[in-house]
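Below is one structure, written out as structure tokens, with a few remarks after it.
The values are calculated or read from the model by the stated rules, or taken from the named source; none is laboratory data. Being a predicted model, the structure only gives us computed values, none of them experimental. Note: ideal-geometry Cβ built from the backbone for every residue, glycine included; neighbour counts use all protein chains shown. These area figures cover heavy atoms from the full protein model, side chains too; ligands, DNA and RNA do not enter into them. Shrake-Rupley method; radii C 1.70, N 1.55, O 1.52, S 1.80 Å.
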Amino acid sequence: MIPFVDLKAQYRALKPELDAAIARVIENAVFIGGEEVTAFEAEFAQFSEASHAIAVSSGTAALELIFRALPLTAGDEVIVPANSYIATAFAPSLVGAVPVFVDCDPLTYNIDPAKIEAAITSRTKVIAVTHLYGQSADMDPIMEIAERRGLLVVEDACQSHGARYHGKRVGSFGIASAFSFYPGKNLGAYGDGGAIITNDADLAARLKRLREYGQTEKYVHLEKGTNARLDTLQAAILRVKLVHLENWNQARTHNAALYSSKLSVAGFTPPSIAPGNDHVFHIFAIEVDRRDDMLAYLKERGIQGNIHYPVPIHLQGAYREQGHVEGDFPVCEKAAKRILALPMFPELTEMQIDEVVAAVTAFPR
Ligand SMILES: *Cc1c(COP(=O)(O)O)cnc(C)c1O
């Protein structure tokens with residue numbers, strides 16, 4: 001059996017440290033906020049090469065808080081990649097803004113910068129980009145468009161902790177960026193978790209308020225906020241894991257290179273790494289014919305594959321009011337039918353990779 005992600009292997013390797021961190025929190029009996037959270041924020045900001053990190057309750061909460069903090073009014077438009085997790089679109093929707101979808105690049109699956117300008121109108125305020133699968137979107141042309149058209153950029157970096165674009169960490173291009181610590185992400189908590197990073201001190205202070213009932217101090221509420229804090233327990237766990245993230249990302253990159261060379265020999269096209277990108281391979285995905293049959297075939301052989309994502313956002317029931325139909329964003333629609341993510345985690349062995357490649361190759365094409 002080869003799981004899609006093996007969180008047990010990671011726990012076995014770090015058990016003493018993780019158990020001690022969990023016990024420390026319980027013994028201190030500080031479960032909300034406290035030193036663990038502020039220390040994690042400082043450490044994650046440093047890792048991300050950003051000035052501020054705000055720990056929150058999930059990647060979705062991170063996106064929602066960012067959009068609540070931006071100067072948007074109902075009916076404003078936000079450019080959103082059609083090929084992303086749906087939370088990227090929900091966050092602008094939550095504040096009454098309208099996500100305007102843009103198709104993806106056929107090689108990286110990230111938003112296609114060449115298709116952004118045609119989607120911009122006089123109501124557009126923000127370009128939201130997702131760094132999908134562990135690889136940065138093509139930020140140079142995106143930042144150029146944003147600057148020329150006077151738009152803000154928000155990054156959904158929920159799949160790309162530690163990735164770089166031309167040497168620069170993802171998450172540090174736009175006004176603010178969202179990270180998820182969902183357990184299976186490159187940096188995962190033992191439950192839900194997330195963070196926002198930004199280089200804007202005022203925005204950071206505002207986001208900290210919004211995350212905690214809009215308060216400046218206990219029972220003083222400057223504005224309407226919510227409860228979207230990261231648990232202290234999760235912060236303590238994430239602090240232990242963050243130290244290993246760079247090594248884990250290297251192991252993922254190594255595994256991806258092994259997969260790629262073996263799959264190429266077998267006649268498959270490996271994932272594209274765009275020039276100047278340090279890809280951290282949250283997801284290792286290839287395109288195959290008869291994808292659903294291949295997925296079932298792998299499952300019968302104890303190999304767990306996955307599809308990111310089977311239905312593009314513009315075709316989801318949640319956005320039926322936009323009236324999109326099949327054919328509107330052909331590149332991501334085609335990818336949705338062909339993409340297959342193979343098991344990928346740092347502890348994956350070459351023997352396991354060989355087993356996966358053998359099964360993929362044995363599938364009658
Ligand atoms: C995981 C993910 C999210 C949501 O994060 P949660 O922590 O699960 O709320 C948002 N966007 C992308 C691209 C993701 O991969």
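What is the one condition in (1) open to solvent by 40 Å² or more (accessible area, probe 1.4 Å); (2) over 24 Å from R239 (Cα atoms); (3) of a type in the set (G, A, S) that A146 does not satisfy?
For A146, the exception is condition (1).
Mind listing whichever residues of segment 34-48 are crowded, with 18+ Cβ neighbours inside 10 Å and under 15 Å from L233 (Cβ atoms)?
E36, V37, F40
Scan segment 230-252 and give yes if some residue there is hydroxyl-bearing (S, T, Y), surrounded by fewer than 20 Cβ atoms within 10 Å (Cβ to Cβ) and out of contact with any Cys (no Cβ under 7 Å at 6 or more places or on another chain), otherwise no.
Looking for residues that are hydroxyl-bearing (S, T, Y), surrounded by fewer than 20 Cβ atoms within 10 Å (Cβ to Cβ) and out of contact with any Cys (no Cβ under 7 Å at 6 or more places or on another chain), one finds none in segment 230-252, hence no.
Limited to segment 160-184, what total is found for residues that are within 12 Å of the ligand (Cβ to nearest atom), farther than 20 Å from N247 by Cβ and among the aliphatic types (A, V, I, L, M)?
Within segment 160-184, residues that are within 12 Å of the ligand (Cβ to nearest atom), farther than 20 Å from N247 by Cβ and among the aliphatic types (A, V, I, L, M) number 1.
Inside segment 165-218, can you point out the residues that are within 17 Å of T38 (Cα to Cα), open to solvent by less than 10 Å² (accessible area, probe 1.4 Å) and part of a strand (DSSP E or B)?
F179, G194, A195, I196, I197, T198
Inside segment 219-252, can you point out the residues that are in a loop (DSSP other than H, G, I, E, B) and either at positive phi or in contact with a strand residue (DSSP E or B) (Cβ under 6 Å, 6 or more places away or on another chain) (or both)?
Those that are in a loop (DSSP other than H, G, I, E, B) and either at positive phi or in contact with a strand residue (DSSP E or B) (Cβ under 6 Å, 6 or more places away or on another chain) (or both): Y219, L222, A228, L230.
Just to be sure I understand, how many residues within segment 263-310 are among the hydrophobic types (A, V, I, L, M, F, W, C) and open to solvent by 40 Å² or more (accessible area, probe 1.4 Å)?
4
Applying the selection to segment 67-101, what residues are under 20 Å from G162 (Cα atoms) and of a type in the set (V, I, T)?
Within segment 67-101, T88 is the sole residue that qualifies.
crowded, with 20+ Cβ neighbours inside 10 Å and out of contact with any Lys or Arg (no Cβ under 6 Å at 6 or more places or on another chain), is that true of P343?
Spelling it out, P343 is indeed crowded, with 20+ Cβ neighbours inside 10 Å and out of contact with any Lys or Arg (no Cβ under 6 Å at 6 or more places or on another chain).
Does segment 253-262 hold any residues that are out of contact with any strand residue (DSSP E or B) (no Cβ under 7 Å at 6 or more places or on another chain) and surrounded by 14 or more Cβ atoms within 10 Å (Cβ to Cβ), and which are they?
T253, H254, N255, L258, S260, K262
Evaluate the following for S93: is it more than 20 Å from A53 (Cβ to Cβ) and within 15 Å of the ligand (Cβ to nearest atom)?
Here the answer is yes, as S93 does meet what is asked.
Enumerate the pairs (first residue in segment 239-268 and free of Cβ contacts under 8 Å to residues at least 12 places away in the same chain; second residue anywhere and part of a loop (DSSP other than H, G, I, E, B)) with beta-carbon separation below 6 Å, excluding pairs fewer than 6 apart on the same chain, so at least 6 apart or on different chains.
S260/P270; S264/P270
Tally up the residues in segment 99-153 that are among the hydroxyl-bearing types (S, T, Y) and in contact (Cβ under 8 Å) with a residue 60 or more places away in the chain, please.
Within segment 99-153, residues that are among the hydroxyl-bearing types (S, T, Y) and in contact (Cβ under 8 Å) with a residue 60 or more places away in the chain number 4.
Any residue at all in segment 40-58 that is assigned to a helix (DSSP H, G or I), closer than 30 Å to G302 by Cβ and among the hydrophobic types (A, V, I, L, M, F, W, C)?
For segment 40-58, residues assigned to a helix (DSSP H, G or I), closer than 30 Å to G302 by Cβ and among the hydrophobic types (A, V, I, L, M, F, W, C): absent.
Checking L315 against (1) open to solvent by 40 Å² or more (accessible area, probe 1.4 Å); (2) without any contact (Cβ under 8 Å) to a residue 12 or more places away in the chain: exactly one of these is not met. Which one?
Going through (1) open to solvent by 40 Å² or more (accessible area, probe 1.4 Å); (2) without any contact (Cβ under 8 Å) to a residue 12 or more places away in the chain one by one, L315 breaks only (2).
Here are T232, T253: which of them is over 18 Å from the mean Cα position of the chain (by Cα), modelled with pLDDT of 95 or more and of a type in the set (S, T, Y)?
T232
Just checking, how many residues over segment 153-162 are assigned to a loop (DSSP other than H, G, I, E, B) and surrounded by 24 or more Cβ atoms within 10 Å (Cβ to Cβ)?
Going through segment 153-162 one residue at a time, the tally reaches 5.
Pairs needed: first member in segment 185-209, over 13 Å from K241 (Cβ atoms) and without any contact (Cβ under 8 Å) to a residue 40 or more places away in the chain; second member anywhere, among the aliphatic types (A, V, I, L, M) and in a loop (DSSP other than H, G, I, E, B); C-beta distance under 7 Å; at least 6 residues apart or different chains.
Close Cβ pairs satisfying both conditions: R209/L222.
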